[in-house]
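Novice: Below you will find the structure I want to go over with you.
What follows is calculated from the coordinates using simple rules that are stated; it is not laboratory data. Please read these numbers as outputs of a predicted model, since none were measured by experiment. Glycine also receives a Cβ, built like all others from the backbone with ideal geometry; neighbour counts cover every protein chain displayed.
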Amino acid sequence: MKKFICIMCPKGCHLTVDENNDFQVSGHSCNKGVKYGKAEATNPVRVVTSTVIVNAGNEHLCSVKTSDGIPKAAVLEAMKEINNVQLKAPVKIGDIAIKNLLDTGVDVITTSDVQAS
């Protein structure tokens, strides 16, 4: 049995997932909890948010995020990759900072604009 607190809504249901019974979920108050509990027990993923340096005459920071969840076990390695990125201004929201991060099929995209100085 694995126990989780569901983060899909503000209720924070205390879930129990039975790995020996086809990952049956109990303690949920809606179907989102069932989906979350099964995913968290079988293949936990996280959306990663961070910043990258943008050279715009001087250095600025630009916020970025993964376009989808990546395996939880890959988050630290992903942060190492993201920390090595330097972009050149101008940067627009939605630009791809890293294509196919760690061969996950997930891109790192910018979430703010940075103009050249």
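Novice: Could you tell me which residue out of Thr51, Pro71, Gly12 lies farthest along the dipole of the chain toward its positive end? Charges go on the beta carbon: Lys and Arg +1, Asp and Glu -1, centred on the Cα centre.
Specialist: In the chain, that residue is Gly12.
Novice: Using θ = phi - 60° and the Karplus form 6.51 cos²θ - 1.76 cosθ + 1.60, what ³J(HN,Hα) does each residue of the stretch 84-100 get, whole Hz, x for Gly and Pro?
Specialist: 8, 7, 10, 9, 10, 5, x, 10, 10, 3, x, 4, 8, 8, 9, 8, 6
Novice: Choose one answer from Cys30, Cys62, Cys13: the residue with the largest mean-square fluctuation in a GNM of the chain with alpha-carbon springs under 10 Å.
Specialist: So, out of Cys30, Cys62, Cys13, the one fluctuating most is Cys30.
Novice: Any of Lys11/Lys80; Lys3/Lys80; Lys3/Lys35; Lys35/Lys92 with alpha carbons more than 24 Å apart? Name them for me. Walk me through the numbers on the way to the answer.
Specialist: On the way: Lys11/Lys80 34 Å; Lys3/Lys80 30 Å; Lys3/Lys35 14 Å; Lys35/Lys92 34 Å.
Listed pairs above 24 Å: Lys11/Lys80; Lys3/Lys80; Lys35/Lys92.
Novice: Related question: What angle, in degrees between 0 and 90 and rounded to the nearest 10, separates the Cα long axis of helix 31-42 from the longest principal axis of the Cα atoms of the chain?
Specialist: On a 0 to 90 degree scale, this one is about 80.
Novice: Find the percent of Cα-Cα distances in the chain that exceed 23 Å, and round it to a whole number. Walk me through the numbers on the way to the answer.
Specialist: Working: 3076 of 6786 pairs.
Value for the chain (Cα pairs over 23 Å): 45 percent.
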